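K.L.:
Before I ask anything, let me first share the structure, which is written out below as structure tokens.
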Amino acid sequence: MIWLAGLFAFVAFVYASVGFGGGSTYTALLALWGVDYRLIPVIALLCNIIVVTGGSMRFIRAGLVSWPQVMPLLLVSAPLAFLGGLVPLKQWIFLTILGGALLASAIALLLQPEKLSARVLPKPLLLAISGGVGLLAGLSGIGGGIFMAPILHLIRWAEARRIAAFASLYILINSAAGLAGQVIKAGAQSLAAPAMEYGLLLAAVLVGGQIGSIFGMRYLSPRLLRTFTAILVGYAALRLLWQAQALS
């Protein structure tokens, strides 16, 4: 558990420094560690909330969140994240969804849409994507910022700092909504004792996330870390999809 906590702290540091929560990597590590699949989204969403809360507050105080711009996307994603958390899933279905989400996360990590020509995306389609990502967040424990940010960069939705601010807030809201659905589905009492066993992980992301959000990427290569994380997440995705195929 000490090794896993150390990895969680490092992941929180890396993701918090760029406004993300790290849900995709937490779920990958938990799956590789052999954690009960019913606990994976709960632990990952809790970690997301811990990591992005401080950053979201700082972004808001800095005036980087335009509420008229972000509210429509949040209003469609949060209810669907809650509903996603409520959905009971068989193990092979959960592993398939999680594996697919992680594989998409790995691809998103490798993309650099800010270097591409701007694309036009109709607002209804953007809202539909936000809702779909919210649903995925509640089902799998991935906050969704890692999917939305590349899309927003691609369409030049806002400057990079404002997109990072939105991603942080988006992850916070979706994670809270998805966690509420997960808790209602399983029952708070049934989750309390098992979740406490992984309390060290929550403490680890609290420390790593705070350091990352304050100091940012000063000494680490963002491209190298993004590539390494994509490889880890992609490997976990393929293993989960293989397991899901064996169970189906």
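K.L.:
If you plug each phi of the stretch 86-99 into the Karplus form 6.51 cos²θ - 1.76 cosθ + 1.60 with θ = phi - 60°, what whole-Hz ³J(HN,Hα) values come out, in order, with x for Gly and Pro?
P.N.:
7, 6, x, 10, 6, 4, 5, 5, 4, 5, 5, 5, 5, x
K.L.:
Could you check the spin-label model distance between Met196 and Ala62? Points 7 Å from the Cα along Cα→Cβ, value in nm.
P.N.:
With each label placed 7 Å out from Cα toward Cβ, I get 3.8 nm.
K.L.:
I would also like to ask the following. What size of dipole, in debye to the nearest 20, comes out for the stretch 2-247 about its Cα centre when the only charges are +1 on Lys and Arg C-beta atoms and -1 on Asp and Glu C-beta atoms?
P.N.:
520 debye
K.L.:
Once you place label points 7 Å from the Cα toward the Cβ at Met71 and Ile107, how far apart are they in nm?
P.N.:
In this crude spin-label approximation the distance works out to 3.4 nm.
K.L.:
While we're on this one: Using the Kirkwood formula on the Cα atoms of the stretch 2-247, what hydrodynamic radius do you get, in angstrom to one decimal?
P.N.:
Hydrodynamic radius (Kirkwood, Cα only) of the stretch 2-247 equals 17.6 Å.
K.L.:
Rounding to the nearest 10 and keeping the result within 0 to 90°, find how far the Cα-based axis of helix 2-16 lies from the longest principal axis of the chain.
P.N.:
Roughly 20 degrees, rounded to the nearest 10.
K.L.:
How much length, in nm to one decimal, is gained on full extension between Trp92 and Ala160, taken as 0.36 nm per residue of separation minus their Cα-Cα distance?
P.N.:
Here the segment from Trp92 to Ala160 would lengthen by 20.7 nm.
K.L.:
Between 0 and 90 degrees, rounded to the nearest ten: what's the tilt of helix 160-186 against the longest Cα principal axis of the chain?
P.N.:
Approximately 30 degrees, to the nearest 10.
K.L.:
Determine ³J(HN,Hα), in whole Hz, for all residues of the stretch 41-48 in sequence, where each value follows from phi through the Karplus function 6.51 cos²θ - 1.76 cosθ + 1.60 and θ = phi - 60°; x replaces Gly and Pro.
P.N.:
x, 5, 5, 5, 5, 4, 4, 4
K.L.:
Please list, in chain and number order, the residues 5+ apart from Val18 or on another chain whose amide H is under 5 Å from its amide H, with Hs placed from the backbone.
P.N.:
none
K.L.:
If amide hydrogens are placed 1.01 Å from N in the peptide plane, which non-local residues have theirs closer than 5 Å to the one on Val35?
P.N.:
HN-HN under 5 Å from Val35: empty list.
K.L.:
What ³J(HN,Hα) values, in whole Hz, does the Karplus curve 6.51 cos²θ - 1.76 cosθ + 1.60 give for the stretch 69-75 when θ = phi - 60°, with x put for Gly and Pro?
P.N.:
Per residue, the Karplus-derived 3J(HN,Hα) values read 7, 8, 4, x, 5, 6, 5 Hz.
K.L.:
If exposed means no more than 11 neighbouring beta carbons inside 10 Å and the site is in a DSSP loop, what's the longest run of the chain without any exposed trypsin sites (Lys or Arg not before Pro)?
P.N.:
1-118
K.L.:
A further question follows. In the neighborhood of Leu86, defined by Cβ-to-Cβ distances under 14 Å, what is the net charge if each Lys or Arg adds +1 and each Asp or Glu adds -1?
P.N.:
Result for the neighbourhood of Leu86: +2.
K.L.:
Provide the packing ranking of 202-214, 126-138, 169-181, i.e. peptides ordered by the mean count of other C-beta atoms within 10 Å per residue, highest first.
P.N.:
Order by mean packing, descending: 169-181, 126-138, 202-214.
Where a number appears in this text, it was derived from the coordinates with a stated rule and is not lab data. Keep in mind that this is a model prediction, so the values were computed, not measured. Using ideal geometry, Cβ is built from the backbone for each residue, glycine included, and neighbour counts are taken over all protein chains shown.
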